[in-house]
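Participant: After the structure tokens below, expect a handful of questions from me.
The values are calculated or read from the model by the stated rules, or taken from the named source; none is laboratory data. Not measured: the values here are computed from a predicted model. Here the Cβ positions follow ideal geometry from the backbone for every residue, glycine too, while neighbour counts run over all protein chains shown.
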Amino acid sequence: MENRLQVLFVCLHNAGRSQAAEAIFNNLSGGRVVAISAGTEPSSALNPEVVAVLKEDGINTDGLKPKLLSQDMLDKASRIISMGCDVTLSCPGHLYGQEDWGITDPRGKNLAEVRLIVGGIRQKVENLLAELEKSEG
């Protein structure tokens, strides 16, 4: 299991975008590859609208909680993706991310907007999984 590819999704609060990416990725990957997520300033709880949208899609969020980005996470990651960053000092994208997906922060958005954001994350995760399968196969 240690040799499995690990993707790390990073954002500021680890409450919405990166959590959605982690949950969707792990749901779709079938355990062949694994994702984790973290933030540089983790929130105290997951974004409830993101959780609701994931549950609508049949994706379990039980056990997920915001986590502080650690050096160990960075060291173990085969690929690091930030979820949407500019160059503010508190944003991890320009510090750690090998790529940035430019996803809008769902915080403060209504359920319809969050559905669109999570749908965009799903599409990017599906593309990433297809790319990883192609490179391994």
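Participant: What residue, of Leu28, Leu12, is more than 12 Å from the chain's Cα centre (by Cα), surrounded by 13 or more Cβ atoms within 10 Å (Cβ to Cβ) and of a type in the set (A, V, I, L, M)?
Facilitator: The conditions single out Leu28.
Participant: Scan the range 101-132 for residues that are of a type outside the set (Val, Ile, Thr) and not in a helix (DSSP H, G or I) and jot them down.
Facilitator: Trp101, Gly102, Asp105, Pro106, Arg107, Gly108, Lys109, Asn110
Participant: Of all residues in the range 1-31 being part of a loop (DSSP other than H, G, I, E, B) and in contact with a helix residue (DSSP H, G or I) (Cβ under 7 Å, 6 or more places away or on another chain), which is modelled with the lowest pLDDT?
Facilitator: Leu5
Participant: What is the residue count in the range 109-137 for residues that are surrounded by fewer than 12 Cβ atoms within 10 Å (Cβ to Cβ) and either within 21 Å of Val33 (Cβ to Cβ) or at pLDDT below 95 (or both)?
Facilitator: Residues meeting the conditions: 8.
Participant: While we're looking at this one, here's another question. Restricting the range 37-80 to residues that are of a type outside the set (S, T, N, Q), in a loop (DSSP other than H, G, I, E, B) and more than 14 Å from the chain's Cα centre (by Cα), which is modelled with the lowest pLDDT?
Facilitator: Glu41
Participant: Another one. Could you list, in sequence order, the residues of the range 37-55 that are over 13 Å from Met83 (Cβ atoms) and free of Cβ contacts under 8 Å to residues at least 40 places away in the same chain?
Facilitator: Pro42, Ser43, Ser44, Ala45, Leu46, Pro48, Val51, Lys55, listed by residue number.
Participant: Determine, yes or no, whether Val34 is farther than 15 Å from Gly120 by Cβ, touching a Lys or Arg at 6+ places or on another chain (Cβ under 6 Å) and either surrounded by 16 or more Cβ atoms within 10 Å (Cβ to Cβ) or modelled with pLDDT of 95 or more (or both).
Facilitator: The answer is yes for Val34.
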